[in-house]
1. Out of the residues in region 177-203 meeting the condition of being crowded, with 20+ Cβ neighbours inside 10 Å and not hydroxyl-bearing (Ser, Thr, Tyr), tell me which one is nearest to the chain's Cα centre (by Cα).
2. Could you please give the count of residues in region 4-17 that are among the aliphatic types (A, V, I, L, M), buried (at least 23 other Cβ atoms within 10 Å of the Cβ) and under 12 Å from residue 142 (Cβ atoms)?
3. For residue 168, work out the one condition from (1) surrounded by fewer than 18 Cβ atoms within 10 Å (Cβ to Cβ); (2) modelled with pLDDT under 95 it doesn't fulfil.
4. Free of Cβ contacts under 8 Å to residues at least 24 places away in the same chain and over 14 Å from residue 125 (Cβ atoms), is that true of residue 222?
5. Under 6 Å by Cβ, and 6 or more places apart or on different chains, what pairs join a residue from region 235-259 that is farther than 15 Å from residue 219 by Cα with one that is of a type in the set (S, T, N, Q)?
6. Which one of 26, 98, 35 is over 19 Å from residue 171 (Cβ atoms) and either in the same structural domain as residue 147 (by TED's automatic domain parsing) or of a type outside the set (S, T, N, Q) (or both)?
Amino acid sequence: MKTEAVYFVGIGGIGMSAIARYFINKGVYVAGYDKTPTDLTKQLQKEGADVHYEDNVALIPASCLDKEHTLVVYTPAIKPSEHKELAFFIQEGFNVLKRAEELGALTRDYKGLCVAGTHGKTTTSSMTAHILHQSHLDCNAFLGGITMNYGTNYILSDTSRYVVIEADEYDRSFHHLTPYASVITATDADHLDIYVTEEAYLESFSIYSNKILPGGFLVMHTGLKMKPNVQDGVTIYTYSREAGDFHAENVNIGNGRIVFDLVSPLGNITGIELGVPVIINIENGIAAMALA
């Protein structure tokens with residue numbers, strides 16, 4: 001199927017809007033629904049998306065009614081039984097995918113550099129994308145926040161084979177990804193409405209670690225409860241501020257600045273200064289440099 005139009009149910013979500021921007025940049029017609037106008041949906045409209053704010057099948061643009069050439073993407077936060085438009089697309093036999101399924105499909109042919117974990121994902125993935133985007137390698141990126149550097153949650157490169165992805169554990173979304181490499185920042189139990197128990201939450205991260213492709217690597221924060229289950233040929237590293245394969249030394253904090261040296265298996269880097277001088281960003285920066 002040649003996709004000529006993509007309709008997003010929940011287009012204003014941070015992850016959904018990044019995928020919408022991907023298709024806008026590819027010249028595909030993009031439309032969608034969201035519950036209320038936001039700065040993000042208004043910006044998407046300026047970029048070319050057709051957005052409305054009422055769950056009404058009659059408001060779906062005609063360009064999105066050809067099921068042979070229309071892809072429908074929806075957020076797991078919306079249930080088909082509770083949404084008229086989504087139910088319509090499913091009943092009419094459209095190609096309907098969850099956000100995570102489409103993100104996995106879009107990034108499968110790239111070298112995926114993924115950041116998973118209970119917290120620190122957005123900052124670490126944004127740092128990773130910035131490091132690569134400023135280098136000769138460049139990258140694409142689907143991020144879980146609007147970066148200060150670029151004012152967007154999507155970075156496009158016409159030449160790079162790398163893609164930085166914020167790997168969301170909600171609804172087991174990250175199981176649809178096939179990373180070349182990944183960071184796992186933390187595994188403090190979360191989303192227990194989905195997972196119910198901490199054991200199930202940790203098991204989900206173990207399953208995710210098995211998605212990393214042979215020849216790639218996993219960088220885990222020290223002391224995590226999860227047990228990695230990587231494929232043969234995947235290297236495991238650890239990191240933290242003070243210990244692990246990647247860690248900081250000679251940390252100097254003062255006068256609104258944080259400067260430190262990075263110790264790594266690949267060699268040390270001295271005099272690194274954080275652009276956002278917050279103490280927790282020492283660890284986020286270490287993880288980003290390890291991944292990049």
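The values are calculated or read from the model by the stated rules, or taken from the named source; none is laboratory data. These numbers were taken from a predicted model, which means no experiment stands behind them. Positions of Cβ are generated from backbone atoms using ideal geometry, with glycine treated the same way; all protein chains shown enter the neighbour counts.
1. 177
2. 1
3. Failing condition for residue 168: (1).
4. Numbers: free of Cβ contacts under 8 Å to residues at least 24 places away in the same chain: yes; over 14 Å from residue 125 (Cβ atoms): yes.
Answer is yes for this residue.
5. 259/252
6. On the way: 98 fails: over 19 Å from residue 171 (Cβ atoms); 35 fails: over 19 Å from residue 171 (Cβ atoms).
Result: 26 is the single residue among 26, 98, 35 that is over 19 Å from residue 171 (Cβ atoms) and either in the same structural domain as residue 147 (by TED's automatic domain parsing) or of a type outside the set (S, T, N, Q) (or both).
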